[in-house]
Every structure is written in structure tokens, then in C-alpha cells.
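Remarks on the structure that follows.
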Amino acid sequence: MIKIGVIGCGYWGPQHARNFHDIPDTELAWISDLRTERLEHMRSLYPYVRTTTDYHEMLASDVDGVVIATSVGSHYKLGREALEAGKHVLIEKPLASTVADAEELVRLAKERQRKLLVGHTFLYN
């Protein structure tokens with residue numbers, strides 16, 4: 001069973017949560033967002049999922065992979081932290097706000113032997 005966490009519950013985060021919930025042999029294990037009302041909504045859909053306003057809890061857990069569906073300005077920071085925590089990472093497009101940051105994430109993923117994916121509409125769902 002592959003355990004997945006989702007950071008961000010704006011538009012794309014709930015789409016990823018639904019998709020991972022529906023994939024056999026995959027467990028939607030964690031959802032994180034700063035807005036408690038969004039977490040309450042997600043708990044109503046997936047009552048077994050752990051929720052938190054502090055994504056560090058998710059990164060410290062036993063999830064195998066993390067989806068980052070937050071504002072672009074946070075993609076690099078969150079992606080770096082997830083990779084450093086040993087997680088596989090799917091980041092909603094764009095990967096980062098600068099080429100240098102994107103290259104650094106790719107380098108870190110290779111160094112840590114983790115998968116790094118960029119979400120593309122209608123490709124990974």
C-alpha cells in the first residue's frame with residue numbers, strides 16, 4: 001500500500017485527493033491546509049484521513065509520497081522539504097517559480113533517489 005499526503009486544498013488539491021483515494025493499492029493518508037474550514041470539508045469526504053494545518057506533521061509521518069498543490073511561490077520550499085524528508089513528490093504546475101529552483105529540485109530528487117513529478121492537466125489523473 002502506497003501512502004499519499006496532499007498539501008493544499010484550493011482547486012487542485014481536492015482533485016488529487018479524489019484521484020489518489022480511487023487508485024487501488026494507494027491510501028490517501030494525510031491532507032494539509034492552512035484553512036481549517038477546508039480541512040473540515042475534506043474530513044467530511046474522507047473521514048479516515050489525518051488532517052493538519054502544519055504540513056511538517058505529514059512530512060514526519062510514514063507517507064511515501066506528497067502532492068504539493070499550493071501557490072506557485074511555495075512550490076520550491078515545500079518540494080525541497082518533502083524531498084529532504086525522503087518523500088516522492090508531485091508538484092502542481094509549474095514546478096517552481098524560477099529555472100534555478102526547478103533545477104535544484106531535480107538535482108535533489110536525483111541525489112535522494114526520489115521521484116519528482118510535475119502535474120499536467122489530463123496526464124496524471
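The values are calculated or read from the model by the stated rules, or taken from the named source; none is laboratory data. All figures in this text were calculated on a predicted structure; none of them were measured in a lab. Glycine gets a Cβ as well: all are built from the backbone with ideal geometry, and neighbour counts include every protein chain shown. For accessibility, only protein heavy atoms count, side chains too; no ligands or nucleic acids. Shrake-Rupley method; radii C 1.70, N 1.55, O 1.52, S 1.80 Å.
The Rg/Rh ratio for the stretch 54-125 is 0.93, where Rg is the radius of gyration of the alpha carbons and Rh is the Kirkwood radius. Near ASP64, the amide H atoms lying under 5 Å from its own belong to LYS3, ILE4; only residues 5 or more places off or on other chains count, and H is placed 1.01 Å from N. Return the carbon/sulfur percentage of the accessible area of the chain, one whole number, probe 1.4 Å, all protein chains in place. Carbon and sulfur atoms account for 55 percent of the accessible area of the chain.
Sequence-ordered 3J(HN,Hα) estimates for the stretch 38-55 from the Karplus curve with 6.51, -1.76 and 1.60 and θ = phi - 60° stand at 5, 5, 4, 4, 5, 5, 5, 7, 9, x, 8, 7, 6, 10, 7, 8, 10, 4 Hz, glycine and proline given as x. Close amide-amide hydrogen proximity is noted between THR51 and ILE31, each under 5 Å apart and 5 or more residues distant or on a separate chain (H modeled in the peptide plane; Pro and chain starts excluded). Using the alpha-carbon positions of the stretch 19-77, Rg (one decimal) and Dmax (whole number) come out as 11.7, 32 Å. Once both labels are positioned 7 Å from their Cα atoms along Cα-to-Cβ, the gap between ARG107 and ARG43 label points is 4.2 nm. Between the stretch 69-108 and the stretch 1-46, how far is it from one alpha carbon centroid to the other, in angstrom? That distance is 19 Å. Extension gain, LYS93 to ARG35: 0.36 nm times the residue separation minus the Cα-Cα distance gives 18.7 nm. The angle between the Cα long axis of helix 75-84 and the main principal axis of the chain comes to about 90°, on a 0 to 90 degree scale. Only DSSP H runs of four or more residues enter the estimate; each adds -39500 (n - 2.57), and after division by the residues of the chain the mean residue ellipticity at 222 nm equals -11500 deg cm²/dmol. Each residue of the stretch 106-113 was assigned a 3J(HN,Hα) from its phi angle through the Karplus curve 6.51 cos²θ - 1.76 cosθ + 1.60 (θ = phi - 60°); the sequence is 4, 4, 5, 4, 5, 4, 8, 6 Hz, with glycine and proline shown as x. Rolling a 1.4 Å probe over the protein heavy atoms gives the chain an accessible area of 54 Å² per residue.
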